[in-house]
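Asker: This is the structure, below, for whatever I ask next.
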Amino acid sequence: MTESGLIIVDKPAEWTSHDVVARMRRLAGTRRVGHAGTLDPMATGVLVVGVEKATRLLGHLALTEKVYTATMRLGVTTNTDDAEGEVTATAPASDIDPAGIHKGVAALTGEIMQVPPQVSAIKVDGRRAYKLARAGQDVELAARPITVHAFEVLDIRPHDDVIDVDAVVTCSSGTYIRALARDLGAGLGVGGHLTRLRRTRVGPYDLGMARTLDELAAECVVLPIGEAVAAAFPRRDVTAEQARTVRHGGPLPATGLGAGPIGVFGPDGELLALVEERGRSAKALAVFV
């Protein structure tokens, strides 16, 4: 049986996250496979895949900080906010100077409200927004709070009537990089969209740990579930008596490790559970034994 744990995949372009999961089911020899944090087909880079018991970690890992490298094209607007959509407007961007771009980037850094792209997986009245948009319906999505921890411009490359901006973005869960490209262009009055996206980190898992599908076909490298939890969340080691309580889903006294998930390990180092501290108690989010 395949070991429970995480597989850090370097997703290729033109593959959906679901395509990767389907491939990993065959490579890992199990149906119990899922992923944390969807990547659009055009995007490449870190996709965290869980197998067996580690699928129960994925919802918690999806909430962690992410890092992307991206190219944003100013002067062209598309209906999907990225290069896969249809061009809906153009405007010469050649007169925009670097200072204006940096000012626009600064306005999109920090705690901001972001309207997700119309072509997104967000549900509207029970249906995915992208399905409504592709059916020709106007989709109005509410702005949501996100945090852009860092938005660093690496290069500004003008050519003809457009400007390509290469950047690195560190952000919270729920941030759409193509919406940042759209809003950067809109703020500069010329429109914009995303032409390239590569995710370089999800929480503690980065490209240095990632393997291509071809590499995984040769050797399916699984990060054991205990190591995966210890890398992503605070660790709490408990006594044998406390371990018995955790095994049965019972609460532990809080220790002040924080509100987020905490990995609980038994005296022998075995991962027992993820818990969350609420008041004076630490209650189980998921039990793995």
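The values are calculated or read from the model by the stated rules, or taken from the named source; none is laboratory data. The shown structure was predicted, so the numbers you read here are calculated from the model rather than taken from an experiment. Don't worry about glycine lacking a Cβ; one is built from the backbone with ideal geometry, like all the others, and counts go over all protein chains shown. Protein only, heavy atoms only, side chains kept; ligands, DNA and RNA dropped before computing areas. Shrake-Rupley method; radii C 1.70, N 1.55, O 1.52, S 1.80 Å.
Asker: Considering Thr175, Thr200, which residue is in contact (Cβ under 8 Å) with a residue 24 or more places away in the chain and assigned to a strand (DSSP E or B)?
Answerer: Details: Thr175 fails: assigned to a strand (DSSP E or B).
Step by step, each of Thr175, Thr200 is checked, and only Thr200 is in contact (Cβ under 8 Å) with a residue 24 or more places away in the chain and assigned to a strand (DSSP E or B).
Asker: To continue, here is another question. Looking at the structure I just gave you, is Gly100 in a helix (DSSP H, G or I), surrounded by 20 or more Cβ atoms within 10 Å (Cβ to Cβ), touching a Leu at 6+ places or on another chain (Cβ under 9 Å) and touching a residue at least 60 places away in the same chain (Cβ under 8 Å)?
Answerer: On the way: in a helix (DSSP H, G or I): yes; surrounded by 20 or more Cβ atoms within 10 Å (Cβ to Cβ): no; touching a Leu at 6+ places or on another chain (Cβ under 9 Å): yes; touching a residue at least 60 places away in the same chain (Cβ under 8 Å): yes.
Judged against the criteria, Gly100 is not a match.
Asker: Within the set of pairs 6+ apart or on separate chains, which have a first residue in the range 146-157 that is without any contact (Cβ under 8 Å) to a residue 60 or more places away in the chain, a second that is exposed (fewer than 12 other Cβ atoms within 10 Å of the Cβ) and in a strand (DSSP E or B), and C-beta atoms under 8 Å apart?
Answerer: As it stands, the answer is Ile146/Glu111; Ile146/Met113; Thr147/Glu111, since those pairs meet every condition given.
Asker: Continuing with this model, one more query. Which residue out of Val49, Val76, Val67, Val33 is of a type in the set (A, V, I, L, M, F, W, C), without any contact (Cβ under 8 Å) to a residue 40 or more places away in the chain and surrounded by 19 or more Cβ atoms within 10 Å (Cβ to Cβ)? Give the derivation first.
Answerer: Working: Val49 fails: without any contact (Cβ under 8 Å) to a residue 40 or more places away in the chain; Val76 fails: without any contact (Cβ under 8 Å) to a residue 40 or more places away in the chain; Val67 fails: without any contact (Cβ under 8 Å) to a residue 40 or more places away in the chain.
Among Val49, Val76, Val67, Val33, only Val33 is of a type in the set (A, V, I, L, M, F, W, C), without any contact (Cβ under 8 Å) to a residue 40 or more places away in the chain and surrounded by 19 or more Cβ atoms within 10 Å (Cβ to Cβ).
Asker: Looking for something open to solvent by 20 Å² or more (accessible area, probe 1.4 Å), touching a residue at least 12 places away in the same chain (Cβ under 8 Å) and closer than 30 Å to Gly85 by Cα - is there at least one such residue anywhere in the range 212-227?
Answerer: Yes, the range 212-227 has at least one match.
Asker: Could you run through the range 253-270 and say how many residues are under 29 Å from the mean Cα position of the chain (by Cα), part of a strand (DSSP E or B) and over 13 Å from His60 (Cβ atoms)?
Answerer: Selection size over the range 253-270: 2.
Asker: Just give me the residues in the range 165-190 being open to solvent by less than 10 Å² (accessible area, probe 1.4 Å) and more than 19 Å from the chain's Cα centre (by Cα), in sequence order.
Answerer: Val165, Leu184, Gly185
Asker: Given (1) open to solvent by 70 Å² or more (accessible area, probe 1.4 Å); (2) part of a loop (DSSP other than H, G, I, E, B), where does Gly250 come up short, assuming only one miss?
Answerer: (1)
Asker: Here is a follow-up. Name, by its number, the condition in (1) surrounded by fewer than 21 Cβ atoms within 10 Å (Cβ to Cβ); (2) over 20 Å from the mean Cα position of the chain (by Cα); (3) not in a strand (DSSP E or B) that does not hold for Leu58.
Answerer: (2)
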